1. If a residue must be crowded, with 17+ Cβ neighbours inside 10 Å, within 15 Å of ligand 1 (Cβ to nearest atom) and not aromatic (Phe, Trp, Tyr), how many such residues does the stretch 333-348 contain?
2. Among the candidates Ile111, Ile122, which residue alone is touching a residue at least 12 places away in the same chain (Cβ under 8 Å), hydrophobic (A, V, I, L, M, F, W, C) and in a strand (DSSP E or B)?
3. Taking Pro152 and the conditions (1) buried (at least 22 other Cβ atoms within 10 Å of the Cβ); (2) without any contact (Cβ under 8 Å) to a residue 12 or more places away in the chain, which numbered condition does it fall short on, given that it satisfies the others?
4. Cβ-Cβ under 9 Å, sequence separation 6+ or interchain: first residue in the stretch 311-329 and under 16 Å from Asp293 (Cβ atoms), partner buried (at least 19 other Cβ atoms within 10 Å of the Cβ) and among the aromatic types (Phe, Trp, Tyr). Which pairs?
5. Please specify each residue of the stretch 283-329 satisfying the condition of being farther than 20 Å from Ile111 by Cβ, assigned to a loop (DSSP other than H, G, I, E, B) and within 13 Å of ligand 1 (Cβ to nearest atom).
6. If I filter the stretch 162-180 for residues that are outside any strand (DSSP E or B) and buried (at least 19 other Cβ atoms within 10 Å of the Cβ), do I get at least one hit?
7. Among residues belonging to the stretch 292-332 that are modelled with pLDDT under 95, more than 14 Å from ligand 2 (Cβ to nearest atom) and crowded, with 16+ Cβ neighbours inside 10 Å, point out the one that is farthest from Arg346 (Cα to Cα).
8. Which of the residues that make up the stretch 42-54 are out of contact with any Ser or Thr (no Cβ under 8 Å at 6 or more places or on another chain), modelled with pLDDT of 90 or more and surrounded by 15 or more Cβ atoms within 10 Å (Cβ to Cβ)?
Amino acid sequence: MQKAEVTSFANSSHSSSIHSVILGFGALLLALFCCATVTQADQKRSATVTRITNPSFTSIKVASDGSQTISPSIDLTTAFQCASRHDSGAVWAVSNWVLGNELYKSYQDPIEACGGAYPYTITDVHFVLQVATPATMTIAVDIEDVDLDFLPGCPVPGTMTYLGGLTDVVFPSGGLYDVIIELDTPQVVNAPFFVGFFFASLTDPAWNLSLVTDSFQVECASFNIWDTAIGYVDLGDNLGVHQSIYPSSDPCYNSVTNSATCFGFDGRLLLYTSGTLSESTGCCLVAGDANHDGKKNIGDITFMIARIFTGSSPPVCNDEFDANGDNSIDISDITFMIAHIFQGLRGPVCGTTGL
Ligand SMILES: [Ca+2]
Ligand SMILES: [Ca+2]
């Protein structure tokens with residue numbers, strides 16, 4: 001990928017790599033990939049990344065009956081009980097990457113994102129996209145369970161549990177859009193899952209349809225598949241950690257790292273779900289909210305440090321302080337919150353002692 005603009009938010013010196021995961025998936029989905037060729041991989045190498053300054057969103061909501069509503073950005077905190085997003089906002093636009101006839105996946109853990117308790121009822125899928133001109137894409141959304149066995153420690157998409165019907169998304173003009181697709185039937189889950197977004201048609205280069213990411217490279221969070229022979233590409237794997245099965249004949253193949261080096265993204269896709277969680281149990285309303293002010297931020301880290309190291313006042317709710325959810329309050333909760341707040345790693349969960 002080529003950078004059109006690099007700021008301090010991006011680590012431009014990292015070595016990009018991918019890991020690819022061949023996974024079994026339904027014949028139905030397989031049939032949708034009519035035209036995937038290695039040519040797409042060649043084209044994706046010319047993708048460019050540009051900084052999004054002052055992002056301003058318009059929402060496109062496509063209801064289950066196919067009707068479409070355009071509105072100024074929806075306040076997700078009131079429109080949906082849980083917007084299960086793990087990203088930290090729109091930072092980069094990745095252009096010339098989306099070609100069509102391809103699928104994107106994002107790991108979802110609504111308990112981490114929102115607190116509360118299962119079951120989680122998924123009502124909508126969100127994908128933040130940018131276009132330069134009016135555009136129309138035919139898409140479908142899907143839900144998979146999580147395969148934790150293929151790569152230990154790295155959740156990857158598993159068995160498909162829901163595939164919505166094809167629908168059109170009409171972008172009325174150039175801009176940054178929060179595309180919201182209502183599921184045909186709300187889906188109830190009791191564990192983390194993957195949400196998928198399938199571009200069933202081809203893009204027109206004139207649209208400059210761009211993906212949008214934040215600036216935190218997190219592995220095993222965002223995947224793309226455009227070629228069933230390559231399998232899923234981890235868009236956040238810039239570290240060469242995982243062995244790649246990308247063909248050694250490919251120009252992207254790196255024989256030193258045994259991985260491919262052309263496809264690393266600077267952050268996570270803004271692809272997520274919204275829906276409703278069961279009400280929280282016990283006192284924990286906001287996981288990680290150690291000082292119980294209703295917000296999850298650096299103030300909670302300050303509170304935790306004061307409590308652990310100086311014996312200052314105890315938390316109102318132990319289960320909010322217990323950010324890593326292991327039912328004890330100790331320094332590991334501070335470490336967990338620092339990783340979350342400053343590095344964008346996984347969000348806190350509510351402890352389950354009910355105290
Ligand atoms: Ca707080
Ligand atoms: Ca803990």
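1. So the first thing to find is which residues in the stretch 333-348 are crowded, with 17+ Cβ neighbours inside 10 Å, and the list is 333-334, 336-337, 340-341, 344, 346-348.
Then keep just the ones that are within 15 Å of ligand 1 (Cβ to nearest atom); that gives 333-334, 336-337, 340-341, 347-348.
Those left that are additionally not aromatic (Phe, Trp, Tyr): 333-334, 337, 340-341, 347-348.
Residues in the stretch 333-348 being crowded, with 17+ Cβ neighbours inside 10 Å, within 15 Å of ligand 1 (Cβ to nearest atom) and not aromatic (Phe, Trp, Tyr): 7 in total.
2. Working: Ile111 fails: in a strand (DSSP E or B).
Result of the check over Ile111, Ile122: Ile122.
3. Going through the list (1) buried (at least 22 other Cβ atoms within 10 Å of the Cβ); (2) without any contact (Cβ under 8 Å) to a residue 12 or more places away in the chain, Pro152 breaks only (1).
4. Cβ pairs passing all conditions: Ser312/Phe303; Ser313/Phe303; Pro314/Phe321; Pro315/Phe303; Pro315/Phe321; Phe321/Phe303; Ala323/Phe336.
5. Asn291, Asp293, Val316 - these are the residues of the stretch 283-329 that are farther than 20 Å from Ile111 by Cβ, assigned to a loop (DSSP other than H, G, I, E, B) and within 13 Å of ligand 1 (Cβ to nearest atom).
6. Of the residues in the stretch 162-180, the ones outside any strand (DSSP E or B) are 164-166, 172-174.
Cutting the leftovers down to buried (at least 19 other Cβ atoms within 10 Å of the Cβ) gives us 164.
Yes, some residue in the stretch 162-180 is outside any strand (DSSP E or B) and buried (at least 19 other Cβ atoms within 10 Å of the Cβ).
7. Here the residue is His292.
8. If the condition is that a residue be out of contact with any Ser or Thr (no Cβ under 8 Å at 6 or more places or on another chain), modelled with pLDDT of 90 or more and surrounded by 15 or more Cβ atoms within 10 Å (Cβ to Cβ), then Ile52 is the only one that fits.
The values are calculated or read from the model by the stated rules, or taken from the named source; none is laboratory data. Please read these numbers as outputs of a predicted model, since none were measured by experiment. Neighbour counts are summed over all protein chains in view; Cβ atoms, including those assigned to glycine, are modelled from backbone coordinates with ideal geometry.
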